[in-house]
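These notes are about the structure you will find just below.
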Amino acid sequence: MPLIDLRSDTVTRPTPEMRRVIANAEVGDDVLGDDPTVIRLQERTAELLGKEAAVFVPSGSMANQTAIRAHCEPGDEILCHKDSHIIHYETGGPAALSGVMIRPIEGASGLFSADDLDPLVRPESSHFARSRLVIVENTHNRGGGSVWPLDQLRRVCERSRKFSLKLHLDGARVWNACAATGLKPSDYAQHFDTVSCCFSKGLGAPAGSAVAGDKATITRVHRFRKMFGGTMRQSGILAAAALYALDHHRDRLVEDHANATRLARGLAEIPGLTVDLAAVQTNMVFIDVHDSTAMTAPQLCEKLKAHNLLALPNTPRRVRLVCHLDVTTPMIDEAIRIIAQAVTGKQATRTPVAV
Ligand SMILES: *Cc1c(COP(=O)(O)O)cnc(C)c1O
C-alpha cells in the first residue's frame, strides 16, 4: 500500500492530465496584464461566484489579507469566529499588514448567529475602534469542515448590513460546501462584498487562490497584491491548472465526502477514540484520543507515520484527517485498519461498513 497522506487536502499532486494542460498553457506577463490564461481564470472565477471581477493570488492567506486590506484602514476592527483560519493560521497578518484588531465571535462548529453580532459591533464613538468587516468561513476548517446553513448565513449578512459592515467570505473550501449541499458558489457569494476561494486544496491545483468582488474593490485588492509581493509573471502556468480543476475536480468532491463518512464510521468503532459522526459534513474527520490509549494525539500521529499513514494533531488530544483527490476508498479502509491497530494493538476484526 503506498503512503496514505491524510494531513490536508493541500497535499494533492497535479494529475497527468492537469500536467498536460499546464505544459500547454498559453502565457504572457501578468504584471503587464497580458497573460491570457490568468485573464480567463479570473473571468471564470468571477462568473462562478457571481461577481464583477476576480484577481488570482498565490495563496489563500494572501487572498484573505488583500481583501482585509482592501476593506479596512488601520484602527478598524474585524469580527470573525474565534476559530477562524485568519486568526489561527495567517501569522497575525491582519495586525501586521492592515493594522486592524479582531473581535472574536463564539459559537459551535465555527458558526455563529446574527444575534451574536449585536453586542460585538461597536457604536460609533471617538473612543472605539471602528467595526468594519465581518468574515465568515465556509466550510469552516477548525469547525470540522462544517457547512454554513444558507439561511443562517443570509441572516448574519443582513444583520451586518444593518450595521453598515462590509462582508468577506473565506471560501477556501466553498467548493466543498457546494458539493455537500448542491448549492451554487454564487448562492453563498451573493451575500458578500468579497469572496476568497482556493484552487490548491480539494480541487487539486498545485497553487493559487482568488478574490472576487465588485470592480472597485478588486482594483484595490490588485494593488495590495502587488504591495504584499504577490504578483507573478507567467502565472498562466498555474492558472491553467486552476481552470482545469474548476472544470474537472469540483463534481468529484462528493467522493471525498463519502470517504470521510466511511472513515469516520470505521474509526467510531475503535475503543479509545471518539468521532462525532454528525460533525462529519464534508471531507474532514476529527478524532478525539482518550487517556485510556496512553497516547496523546501527536504520539498517535508518530505511530501512524511508522505505518505509512500521515495525519496531523489538531490539539493535544485531537487528530485531523482530511480526504482528497489522492485518497482512494481502499486507502480509507487501510487507514482504519492501521489506526485500529495503533490504538488497540490488535488487528481490526470488523470490516468497515459500506456507505
Ligand atoms: C487553507 C486555508 C486558507 C489559506 O491557506 P493558504 O495556505 O495560505 O493557501 C484560508 N482559509 C481557510 C479556511 C483555509 O482552510
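The values are calculated or read from the model by the stated rules, or taken from the named source; none is laboratory data. All values reported here derive from a predicted model rather than from experimental measurement. Please note: Cβ atoms are built from the backbone with ideal geometry, for glycine as well, and neighbour counts cover all protein chains shown. When the accessible area is computed, the model is the full protein with side chains, heavy atoms only, and any ligands, DNA or RNA have been set aside. Shrake-Rupley method; radii C 1.70, N 1.55, O 1.52, S 1.80 Å.
General observations
- Just one of the listed residues (G28, G33, G50) is more than 16 Å from the ligand (Cβ to nearest atom) and farther than 18 Å from A212 by Cα, namely G28.
- Residues of region 152-191 satisfying the condition of being assigned to a loop (DSSP other than H, G, I, E, B) and open to solvent by 30 Å² or more (accessible area, probe 1.4 Å): F163, S164, G182, L183, K184, Q190, H191
- Look at region 322-347: where a residue is more than 16 Å from K305 (Cα to Cα) and a partner is at pLDDT below 95 and buried (at least 22 other Cβ atoms within 10 Å of the Cβ), sitting 6+ places away or on another chain with Cβ atoms under 8 Å, you get H324/G202; L325/G202.
- Residues of region 54-78 that turn out to be within 17 Å of the chain's Cα centre (by Cα) and within 10 Å of R225 (Cα to Cα), as a count: 8
- Some residue of region 210-227 being in a loop (DSSP other than H, G, I, E, B) and within 17 Å of the chain's Cα centre (by Cα): no
- Across region 53-92, the number of residues qualifying as of a type in the set (G, A, S), within 30 Å of P123 (Cα to Cα) and within 12 Å of the ligand (Cβ to nearest atom) comes to 4.
- Hey, F112 aromatic (F, W, Y), out of contact with any helix residue (DSSP H, G or I) (no Cβ under 9 Å at 6 or more places or on another chain) and either open to solvent by 20 Å² or more (accessible area, probe 1.4 Å) or in a loop (DSSP other than H, G, I, E, B) (or both) or not: no
- Where a residue in region 117-138 is open to solvent by 80 Å² or more (accessible area, probe 1.4 Å) and its partner, wherever it lies, is in a strand (DSSP E or B), with Cβ under 8 Å and at least six apart: E124/R130; R130/D76; R130/E77
- Checked against (1) open to solvent by 10 Å² or more (accessible area, probe 1.4 Å); (2) in contact with a helix residue (DSSP H, G or I) (Cβ under 6 Å, 6 or more places away or on another chain), N24 meets all criteria but (2).
- Residue that is aliphatic (A, V, I, L, M), open to solvent by less than 10 Å² (accessible area, probe 1.4 Å), over 23 Å from A240 (Cα atoms) and modelled with pLDDT of 95 or more, where the choices are A46, A63, A95, A67: A67
- Residue list for region 41-93, restricted to those being part of a loop (DSSP other than H, G, I, E, B) and either closer than 15 Å to P185 by Cα or hydrophobic (A, V, I, L, M, F, W, C) (or both): G50, K51, E52, C72
- Residue match in region 192-202 (condition: open to solvent by 10 Å² or more (accessible area, probe 1.4 Å), touching a Leu at 6+ places or on another chain (Cβ under 8 Å), assigned to a loop (DSSP other than H, G, I, E, B) and within 15 Å of the ligand (Cβ to nearest atom)): no
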